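Peer 1: One structure is given below, represented as structure tokens, and several questions about it will come after.
Please treat every number below as a calculation from the coordinates, not as lab data. Computed from a prediction, not measured in an experiment: that's the story for all the values here. All Cβ positions, even for glycine, are placed from backbone atoms using ideal geometry, and neighbour counts span all protein chains on display.
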Amino acid sequence: MKLTSAVIPAVVAFIFAYGWYKKVDIFEEFLAGALENIKVSFDILPALIILMTCIGMLTSSGSVSLLTGLLAPAADVLGFPPECLPLTLLRPLSGSGALAMYESIITDCSPDSFAGRVASVIMGSTETTFYTVAVYYGAAKVKNIRHTLVCAVAADITGFIISCAAVRLFL
Amino acid sequence: MIFAFLTSSIIDLNNEILSAPEKAVGLSFKLLGSMAFWGGVLRVAEKSGLVAKIAQIFRPLLKRLFVGVDENGEAFGAIVMNITANLMGLGNAATPLGIKAICELSKEQSSKGTATRSMVAFVVINTASIQLIPTTVATLRASHGSMAPMEILPACLVSAACALTVGLTLVFLLDRLFVGKGRGL
């Protein structure tokens, strides 16, 4: 896929060219933005350490394969890779947890394998649903969230199923 | 723990506890460089007004989705900027804008603790957020030796678009089922 490899260079070149045209101090702004994200990386590190250890413990104790085994028949019907099942359960709950789980999937299977691709598409097309709902409604002091969760979870499940179908169709 | 004892995989468990924290640091360092790079690039896009310009493109579409929200109000402005920031992968900027958007929406529609249809729609959009360049995933794929780290892009966009369509359709369909103050707003 030559075309998708051109997306990042084109976007970066365009953003810098536009910044130059608008007389933005590109170097200074770049440094400020980069520093901000480096701080974020360190902010999430403690959570990543505890979550990755927990996921490692659950995986090596065999609990995850037990759970996967239980869900496998349903996944089988849809042609969904069983390796990605734990990711679908964790993805709506924890961003760092899902990231850790994703890394372990593409370490075990290759990123270009079917399971690795499905996991990549899931990570690239879904969000930390429950966290988002909690942060936004918490901020607006909303107690009755009505049909928010039903719609959000339905969207997530659609995303998981379509991720798998899209990998079969496009890749 | 108990499960590990029963399945006699306690040695694996022990090794996992000893090695997992190091793996976490490794993962975070793997991402550090590209996170910093995109933070820098997107900050240039923000400061040059490019993000605001892209936001203008989405205004007409969002106006039809958030019927009844004052299109010149603070709430609508924050909604447009939050969705654009999400689309461009500006996670750090998107969350404060989103919080502002939902608080302003709540005020404008005097929700009094009950989510209005517009608020539900806004939160659902944020939980099924479409990202134009999945930078984190592409970085990790590249570092794990993928032949084409970005080949997943079309599949990601289709999947996210389907998820969003289902989510938003349900927001409007189920609005009548959940009786309460927020109906139809």
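Peer 1: For the protein assembly as shown, what is the convex hull volume of the alpha-carbon atoms per residue, in Å³? Working shown, then result.
Peer 2: Details: hull volume 50.4 nm³, N = 356.
About 142 Å³ per residue, rounded to a whole number.
Peer 1: Then there's this: Take the Cα radius of gyration of chain B and divide it by 2.2 N^0.38 Å, with N its residue count; two decimals is plenty.
Peer 2: Compactness ratio reported: 1.32.
Peer 1: Counting only the backbone N, which residues of region B:120-140 are under 12 Å from the spot 7 Å out from the Cα of residue A:12 toward its beta-carbon?
Peer 2: Within reach of a label on residue A:12: B:139.
Peer 1: Across peptide B:165-171, how many C-beta atoms of other chains are within 10 Å of each residue C-beta, on average?
Peer 2: What the average comes to for B:165-171 is 6.
Peer 1: Also, I was wondering about something else. Against the longest principal axis of chain A, how steep is helix A:63-78, in degrees 0 to 90 to the nearest 10, with axes from Cα atoms?
Peer 2: The two axes meet at around 90 degrees.
Peer 1: Give me the Kirkwood hydrodynamic radius of region B:82-181 in Å, from all C-alpha pairs, to one decimal place?
Peer 2: For region B:82-181, inverting the mean 1/r across all distinct Cα pairs yields 15.3 Å.
Peer 1: Before rounding to the nearest 500, sum -39500 (n - 2.57) across all DSSP H runs of length at least 4 in chain A and divide by the residue total; then give [θ] at 222 nm in deg cm²/dmol.
Peer 2: Theoretical 222 nm ellipticity from helices: -26500 deg cm²/dmol.
Peer 1: If I build a Gaussian network model for chain B, linking alpha-carbon pairs within less than 10 angstrom, which residue out of B:55, B:138, B:148 has the largest mean-square fluctuation?
Peer 2: B:148
Peer 1: Go ahead and run the numbers for FRET between residue B:57 and residue A:110, Cβ-Cβ distance against an R0 of 56 Å, rounding to 0.05.
Peer 2: 0.90
Peer 1: What is the sum of charges, Lys and Arg at +1 and Asp and Glu at -1, for the other residues whose Cβ falls under 13 Å from the Cβ of residue A:58?
Peer 2: Working: positive: none; negative: B:12, B:16.
That works out to -2.
Peer 1: May I pose another question? Say R0 is 30 Å: what FRET efficiency, to the nearest 0.05, do residue B:110 and residue B:176 get from their beta-carbon distance?
Peer 2: 0.90
Peer 1: Moving on. Please average, across the residues of A:42-55, the number of beta carbons from any other chain that are within 10 Å of each residue's own beta carbon, and give a whole number.
Peer 2: Numbers: counts 2, 0, 4, 6, 1, 1, 7, 8, 3, 2, 11, 9, 3, 4.
Partner Cβ neighbours, averaged per residue: 4.
Peer 1: I need the GluC sites (Glu not before Pro) found in region A:67-171, filtered to DSSP loop residues with at most 14 other beta carbons within 10 Å of theirs.
Peer 2: none
Peer 1: While we're on this one: Pick out the long, greasy-scoring helices in chain B: whole DSSP H runs spanning 30 Å or more along their own axis by Cα, mean Kyte-Doolittle at least 0.0.
Peer 2: Qualifying helices, which must be both long enough and hydrophobic enough, are B:10-47, B:153-174.
Peer 1: Can you give the extra length, in nm with one decimal, that the chain gains between residue A:65 and residue A:20 once fully stretched, where that is 0.36 nm per residue apart less the Cα-Cα distance?
Peer 2: Details: separation 45, 0.36 × 45 = 16.20 nm, distance 5.27 nm.
This chain segment gains 10.9 nm when fully extended.
Peer 1: I'd like the FRET efficiency for residue A:31 and residue A:77, computed as 1/(1 + (r/R0)^6) with the beta carbon distance as r and R0 of 41 Å, rounded to 0.05. Don't skip to the answer; put the middle values down first.
Peer 2: Working: r = 52 Å, r/R0 = 1.26.
Working from the Cβ atoms, E equals 0.20.
Peer 1: Sticking with this one: In percent, how large is the relative contact order of region A:2-170, given Cα pairs closer than 8 Å and 6 or more residues apart? Mind showing how you got there, number by number?
Peer 2: On the way: 111 pairs, mean separation 30.1, N = 169.
Here the relative contact order equals 18 percent.
Peer 1: P(r) for chain A: what percent of alpha-carbon pairs falls in each 5 Å bin, starting at zero?
Peer 2: 1, 7, 12, 15, 16, 15, 14, 11, 6, 2, 1, 0
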